[in-house]
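> Structure in structure tokens, see below.
The values are calculated or read from the model by the stated rules, or taken from the named source; none is laboratory data. Please read all numbers here as calculations on a predicted model, not as lab measurements. Quick reminder, even Gly has a Cβ in these numbers, built from the backbone with ideal geometry, and neighbours come from all protein chains shown. To get the accessible areas, we keep the full protein, side chains included, count just its heavy atoms, and leave off ligands, DNA and RNA. Shrake-Rupley method; radii C 1.70, N 1.55, O 1.52, S 1.80 Å.
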Amino acid sequence: MVFRPPLFNVIPDDEYDDDTEINRFTIKTTDGSSDLISIPGVFKFCASTGDFKQPLDISPAKTVQNGHVSYTWLQVPVAIRGDGYPDLGKVPNFDTIQGLLGSLNQFTLDEYAPGTLLFATWSSKLTLPQTATSNSYYWDITYNFSVRDYGESPYAGSSGIPAGEHIGWNYAWSGYTGSWDLYSTTGDPSGGTMYNYADFGPLFQV
């Protein structure tokens, strides 16, 4: 027999004060990539001599860093159906998960500032029990987030914008201002943003 330490924190109930299970029985993995994003605005050729300022006839782009973080929540008990048998076809928080897909974090989650986590995909795996009893089945649920964090936002705390937000998924690099700008349906912070904000805490609650 070979002993291997777990890849997650095992914290007893009497020592755990968090409202969610994100900091125990959860495996966390991170990686990153470089993405090419298109830039709205006017760009022109800069000639080394003369006054050559012809506009570009292509869509300019910019390279930005993009991260990914995955949380695999282990040993989530299955739900029990009305007939007393375990529900082996659907995770117990399925409706919560589906309702949050495509949203941004409204509050800081695991040190990721509001507006920087995009809930992209999720998957699940049923853990088979050693004994065929209804309370011995478990789910392992994996949540995948894409991360963009380009510093503190000047709009944080404005109407419709979470307090403490960092420049993330609801911002675009502007060729006019040379900076990250919030974009909305009305052109001001109170307008509707492309991505909605939501509390991700319930993802780690049953």
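> If we scan the range 45-53, do we find a residue that is at pLDDT 90 or above and within 30 Å of G175 (Cβ to Cβ)?
Taking the range 45-53 first, the residues at pLDDT 90 or above are none.
No - not one qualifying residue is present in the range 45-53.
> Here's something else I'd like to know. Tell me the residue from Y150, Y176 that is in contact (Cβ under 8 Å) with a residue 24 or more places away in the chain and open to solvent by 70 Å² or more (accessible area, probe 1.4 Å), please. Can you show your working first?
Values: Y150 fails: open to solvent by 70 Å² or more (accessible area, probe 1.4 Å).
The unique qualifying residue is Y176.
> Failed condition for D188, given (1) among the acidic types (D, E); (2) more than 20 Å from S34 (Cα to Cα); (3) touching a residue at least 12 places away in the same chain (Cβ under 8 Å), with all others met?
D188 satisfies every listed condition except (3).
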